[in-house]
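One structure is given here, and the rest of the page talks about it.
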Amino acid sequence: MISKSRYIIGELRNHGLDSYWWRQRFLDRIARPYFQRTGSQRTPIYEEDWDNLIILDACRYDLFNEAVGPDDLPGESSDRLSLGSATPEYLAANFSGKTFHDIVYVTANPYVNTNLEHGMFHDVVSVWKEGWNEDLQVVTPESMLEQTRAAAETYPNKRLIAHFTQPHVPFIGEERLGQRKVSNIRRRAAGKERVDKSDREPTPFEMLARGEVSKSEVWTAYISNLERVLPSINTLLKELDGMTAVSSDHGNGLGEFATPFPVRVYGHPVGIHTSALTRVPWHVYQNGNRREIEAESPIRQDISSHDDVNNRLRMLGYKE
């Protein structure tokens, strides 16, 4: 077993001159405990009023506010403070330790399968399994639209959560940035040597942190990725019965300070509760009458292998 001192020396040898690495270490070891101690009380998502909840992964409030006009989505917009700055934290803070047998969770994000207890919901529809687009390395909005429609038809007396990937990376809108050229999972499946993680293509937010692209370039691709999903959201708002809320699990940092610390934040590190990472949209629209919701015992769900889930998470930039 490698001793702690040898591990630290190895880390410093590998990353000692990397300012991005030092920033992330500071946020994890210093800023994160601070935000955990000083965090304000926020409302769990299940206590909000909705029949259908559409989650746009990694959607900042100001991004949504700029992209969505009166003609884009029916309904009214406001904002909320998320309980987390990354999906695992959001899921744990909102759902862990409880049961929601009146909810069916349709998800493009594998964390719902790995980070939440089995049998928590009436059913989990894992779109990331069969609906994965190998070319884009993500679940498209159209696949999520199709599976959410099917779930609404199958479970008319359940609350429905539809967790889309967009506008989280990879950016698949008209403006693209930081697309991955190599898939380690596909290389391994083909019997080829995996590419070392240090050689992978950086995310747009890492590129911004390193000065390789401008904030405007990242913002343009980021908002384009949100615009890519809006037609599917518009369709669901008009088709799903009852009260539908459109929100997000967290935002993304584009160099804002982790106040009170003079350290800039890029992407969405866990536990960093700045406005850029926790202020999210809350857009509501009621279509027809509210549904009669009934809790029932959970349906037997397949337990996914960790290899399958981790493969998908790596493609989304969560794990390397």
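Within the range 185-197, identify whether any single residue is at pLDDT 95 or above, buried (at least 16 other Cβ atoms within 10 Å of the Cβ) and among the hydrophobic types (A, V, I, L, M, F, W, C), and answer yes or no. For the range 185-197, residues at pLDDT 95 or above, buried (at least 16 other Cβ atoms within 10 Å of the Cβ) and among the hydrophobic types (A, V, I, L, M, F, W, C): absent. Residue-level check: of (1) of a type in the set (Ser, Thr, Tyr); (2) surrounded by fewer than 24 Cβ atoms within 10 Å (Cβ to Cβ); (3) within 16 Å of Ser297 (Cα to Cα), Thr140 misses just (3).
Can you name every residue in the range 129-164 that is among the polar types (S, T, N, Q) and either more than 19 Å from the chain's Cα centre (by Cα) or farther than 18 Å from Thr235 by Cβ (or both)? The answer is Asn133, Gln137, Thr154, Asn157. Of all the numbered requirements in (1) in contact (Cβ under 8 Å) with a residue 12 or more places away in the chain; (2) in a loop (DSSP other than H, G, I, E, B), Asp135 misses one, and that requirement is (1). When the criteria are applied in full, Ser126 fails the requirement of being under 20 Å from the mean Cα position of the chain (by Cα), under 22 Å from Ser297 (Cβ atoms) and free of Cβ contacts under 8 Å to residues at least 40 places away in the same chain.
Counting only residues that are of a type in the set (Asp, Glu) and under 11 Å from Ser85 (Cα atoms), the range 246-270 holds 1 of them. Taking helices (runs of 4 or more DSSP H) as the structural unit, those lying wholly within the range 1-58 and holding at least 2 residues that are modelled with pLDDT under 80 and surrounded by 12 or more Cβ atoms within 10 Å (Cβ to Cβ) correspond to 4-15, 19-26.
Quick check, is Glu66 within 22 Å of Val229 (Cβ to Cβ), in contact with a helix residue (DSSP H, G or I) (Cβ under 9 Å, 6 or more places away or on another chain) and surrounded by fewer than 22 Cβ atoms within 10 Å (Cβ to Cβ)? Walk me through it before giving the result.
Working: within 22 Å of Val229 (Cβ to Cβ): yes; in contact with a helix residue (DSSP H, G or I) (Cβ under 9 Å, 6 or more places away or on another chain): yes; surrounded by fewer than 22 Cβ atoms within 10 Å (Cβ to Cβ): yes.
Yes, satisfied.
Evaluating Pro262 against the criteria (1) over 25 Å from Glu47 (Cα atoms); (2) in contact with a helix residue (DSSP H, G or I) (Cβ under 9 Å, 6 or more places away or on another chain) leaves one unmet condition, (2). Quick one: how many residues across the range 261-320 are among the hydroxyl-bearing types (Ser, Thr, Tyr), assigned to a loop (DSSP other than H, G, I, E, B) and at pLDDT 90 or above? Number of matching residues: 2. All conditions but one from (1) without any contact (Cβ under 8 Å) to a residue 60 or more places away in the chain; (2) over 28 Å from Ile272 (Cα atoms); (3) surrounded by 22 or more Cβ atoms within 10 Å (Cβ to Cβ) apply to Tyr105; the one that does not is (2).
Which members of the range 117-132 meet the condition of being of a type outside the set (D, E, K, R), over 17 Å from Ala151 (Cβ atoms) and assigned to a loop (DSSP other than H, G, I, E, B)? Selection gives His118, Gly119. I'd like to check something: does the range 175-183 contain any residue that is modelled with pLDDT under 90, surrounded by fewer than 22 Cβ atoms within 10 Å (Cβ to Cβ) and over 21 Å from the mean Cα position of the chain (by Cα)? Yes, the range 175-183 has at least one match. Filter the range 59-80 down to the residues that are out of contact with any strand residue (DSSP E or B) (no Cβ under 9 Å at 6 or more places or on another chain) and small (Gly, Ala, Ser), then identify the one that is modelled with the highest pLDDT. Only one residue fits best here, namely Ala67.
The values are calculated or read from the model by the stated rules, or taken from the named source; none is laboratory data. Only a predicted model underlies this, so the values are computations on that prediction, with no experimental measurement involved. Quick reminder, even Gly has a Cβ in these numbers, built from the backbone with ideal geometry, and neighbours come from all protein chains shown.
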